[in-house]
Amino acid sequence: MSAFMQTLVWGIFAGAIYGIAAMGLALVFGVLKILNIAHGELVMLGGYVGFWAFTALGWDPFLALILVIPATFVLGIVLDRVIYRYVVRLWGEEKIKNSLLVSFGLGLVLSNLAQWVFTGDERSVQPSYAGQGLDVYGVLMPYTRLATLGIVLVVTVALHLFLRKTYPGKAILATAEDYESAELAGINIDRVYMLTFALSAALAGIAGQFVTFTYALAPSIGMFWTLKAMIVIVLAGTGSILGALPAGLVLGVVEALSGAYLAQTYKELVGLVIFLLVVIIRPQGLFVRK
Amino acid sequence: MSDFLRIQDVSVAYGDIQALWDVSLNVEEGEIVALIGPNGAGKTTLMRAVAGLNPLKSGGIHLGDKALHTLRAHQIAEQGVILVPEGRRLFGGLSVLDNLELGAYSKRARQVRAETLKLVYELFPLLADRKLQRANTMSGGQQQMLAIGRALMGVPRLLMLDEPSLGLGPLVVESIFETIKRMNDQGVTVFLVEQNAWQALELAHRAYILEQGRIAGTGLAQELLRDDRVKQAYLGISPAAEV
Ligand SMILES: Nc1ncnc2c1ncn2[C@@H]1O[C@H](COP(=O)(O)OP(=O)(O)OP(=O)(O)O)[C@@H](O)[C@H]1O
Ligand SMILES: [Mg+2]
């Protein structure tokens, strides 16, 4: 029983990172109507900012978030200005094709750049308290994982409040629903797109920072995170932004359970199988009422 | 007489298909001007062009001395030119209040948002009662009122309405036309597209007829109501039978 609980808890911890990585992808997908294949590379770059803060500045990995968040936010603004704003304006088929190609290409460029700057070595960050944690009836909960889960919850609630309660947040939701109506209302949708992309990049950055002490960091991890985030937004229902958190938790738990009770090699496969099942049986997503 | 909205030789094309051909018309301050015409004539295209949603192929659109056709849609809203689009196009997942508040997003409108909201609630008390309801759970008539309310939140100098009566029952249509009249009495200039030509001409001061992307006629609304050709093409049955 305690082994089962332990697996469940690991799944929840992993799922929290999936959730926050996917939330950024869902935001851009829902508002800019672009599937940003380079999202995982933003996770990777966020990780390197945190790694640098740890090694060069000696900062605690959680403190480093105050650097990672603004850095990836600004990177998001730059990428929007230089690349994405031209893609957002395209129409129909042209938009779909170009956004996929451009973001795929950008992902390759970013991972190669990272390879060149940071080398291909696997990195990770180990704070002094890495091994410590709570023991709850035999179930181990490391402090790093608990803090990660806590921050993910706080960020999710903050994003919810921002979107639902503030004027710029409502402008984002309005633009997602009907960008022409938003323009007619006087909303500068170009700005909305820029802010949305920057927020998405910051969410990716946060996920990346968690990766540095949970998984290994390397220039090539981008595609892995884009794939996980894509599976999660399909589970959540495309269009649902905050649904990414519960969907991320589901994916994390299912992967952990199948890794423990089927075979470690099935772990990656299980996510893809759920992905297919959801697309076929419940295409609106698990957490969307129709 | 000073020109308020001046549309000059405007052509608009969707790809290779041209929808408007050298359309010229003007709306004076304080007027209600109707634009009538059959399906596919280009009425929506013209309204969207004024609002900045359709780029011009040639021609120009001015509000007073200000060129509108070089501005982006949100900047045109900032000038006080507000469109209630065909089919309402509300933010369906957001509340009534959110829709209204978003209507005042432009800087100019935002400064007087609280006062405007009060006026809109006076005009449509129903919106005040339902301010927390999600927009897409309301009836068609209520949604049209919300669409007009959202436009009013933008503090229009020129209010453009594209088929506000579409799909609504006669009582609701009547109340919406009354509201338009009231807005106009309070100084808002109105430019109105309607399928329902009879009611539009009853309400408007002047009207233009658009056919196949070209202006096919214009005149005082009362005169057009008596015009034989208009009667036959747009009023169908004799006006007397409609009342
Ligand atoms: N997005 C578009 N792409 C291509 N053609 C379009 C588009 N929108 C409108 N058209 C064409 O332009 C012409 C004018 O259409 P528009 O919608 O302006 O007419 P309308 O007078 O508003 O008609 P209705 O009374 O049906 O609303 C039509 O021939 C229509 O098929
Ligand atoms: Mg139309």
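The values are calculated or read from the model by the stated rules, or taken from the named source; none is laboratory data. Predicted, not measured: the structure shown is a model, and the values here were computed from it. We place every Cβ from the backbone using ideal geometry, glycine too, and count neighbours over all the protein chains shown. Heavy atoms of the whole protein, side chains included, go into the accessibility calculation; ligands, DNA and RNA do not. Shrake-Rupley method; radii C 1.70, N 1.55, O 1.52, S 1.80 Å.
Worth pointing out:
- In this structure the stretch A:2-281 gives 42 Å² per residue of accessible area when probed at 1.4 Å with all protein chains present.
- Pairwise FRET efficiency - B:Asp129 versus B:Ser11, Cβ, R0 = 56 Å, nearest 0.05: 0.75
- Cβ-based charge dipole, chain A, positive-most Cα from A:Gly105, A:Tyr18, A:Phe210: A:Tyr18
- Peptide-level mean, for A:172-183, of C-beta atoms on other protein chains within 10 Å: 6
- For the protein assembly as shown, with +1 on Lys and Arg beta carbons and -1 on Asp and Glu, the positive-most of B:Ile32, A:Ser2, B:Pro164 along the dipole: A:Ser2
- Share of alpha-carbon pairs per 5 Å distance bin for the stretch B:184-235, given as whole %: 5, 19, 32, 26, 12, 5, 2
- About its Cα centre, the protein assembly as shown has a charge dipole of approximately 880 debye under the convention of +1 per Lys or Arg Cβ and -1 per Asp or Glu Cβ, with nothing else charged.
- The overall shape of the stretch A:203-276 is oblate: from the C-alpha gyration tensor, with semi-axes ordered a ≥ b ≥ c, the ratio a/c is 1.5 or greater and a/b is no larger than b/c.
- Net charge, A:Leu25 excluded, C-beta distance under 13 Å - Lys, Arg +1, Asp, Glu -1: +1
- Other residues lying with their Cβ under 15 Å from the Cβ of A:Thr7 contribute a combined charge of +1, Lys and Arg counting +1, Asp and Glu -1.
- With R₀ set to 30 Å, the beta-carbon distance separating B:Gln195 from B:Gln111 gives a calculated FRET efficiency near 0.25.
- Note on the stretch B:30-108: Cα-only Rg and Dmax are 14.1, 40 Å.
- Chain B - charge dipole about Cα centre, Lys and Arg +1 at Cβ, Asp and Glu -1, debye rounded to 20: 800 debye
- Helix-only arithmetic for the protein assembly as shown: the sum of -39500 (n - 2.57) across DSSP H runs with n ≥ 4, divided by the residue total, places the mean residue ellipticity at 222 nm at -18000 deg cm²/dmol.
- Only Lys, Arg (+1) and Asp, Glu (-1) charged, at Cβ; the stretch A:2-281 dipole about Cα centre in debye: 240 debye
- Residues B:Asn39 and A:Leu227, FRET efficiency given R0 of 41 Å [Cβ-Cβ distance, rounded to 0.05]: 0.30
- Site pair A:Met1 and B:Glu122 shows an inter-label distance of 6.8 nm when each label is modelled 7 Å from Cα along Cα→Cβ.
- Within the protein assembly as shown, the proportion of Cα pairs with more than 33 Å between them is 50 percent.
- Relative intensity of the stretch A:2-281 on a log10 scale, I(q)/I(0) at q = 0.09, 0.10, 0.17 Å⁻¹, equals -0.41, -0.51, -1.42, per a Debye sum over C-alpha point scatterers of equal strength in the absence of solvent.
- Panel values: chain B, Kirkwood radius from alpha carbon pairs, Stokes-Einstein at 4 °C and 1.567 mPa s, translational diffusion coefficient 71 µm²/s.
- Net charge contributed by nearby residues that have their C-beta within less than 9 Å of B:Ile32 (K/R +1, D/E -1): +1
- Peptide B:51-60 shows a mean partner chain C-beta count of 1 within 10 Å per residue C-beta.
- Top of B:Ala77, B:Ala151, B:Ala221 by mean-square fluctuation, Gaussian network on chain B, Cα under 10 Å: B:Ala221
- Counting only lysines at least 8 places from B:Lys107 when in the same chain, those with an alpha carbon closer than 26 Å to its own are A:Lys165, A:Lys170, B:Lys66, B:Lys118, B:Lys131.
- Among B:Arg214, B:Arg182, B:Arg229: highest mean-square fluctuation, GNM of chain B, C-alpha pairs under 10 Å: B:Arg229
- B versus A: buried accessible surface, summed, Å² (probe 1.4 Å, to nearest 100): 2100 Å²
- Toward the positive end of the charge dipole of the stretch A:141-187, with +1 on the Cβ of Lys and Arg and -1 on the Cβ of Asp and Glu, the farthest Cα among A:Val152, A:Leu184, A:Met141 is that of A:Met141.
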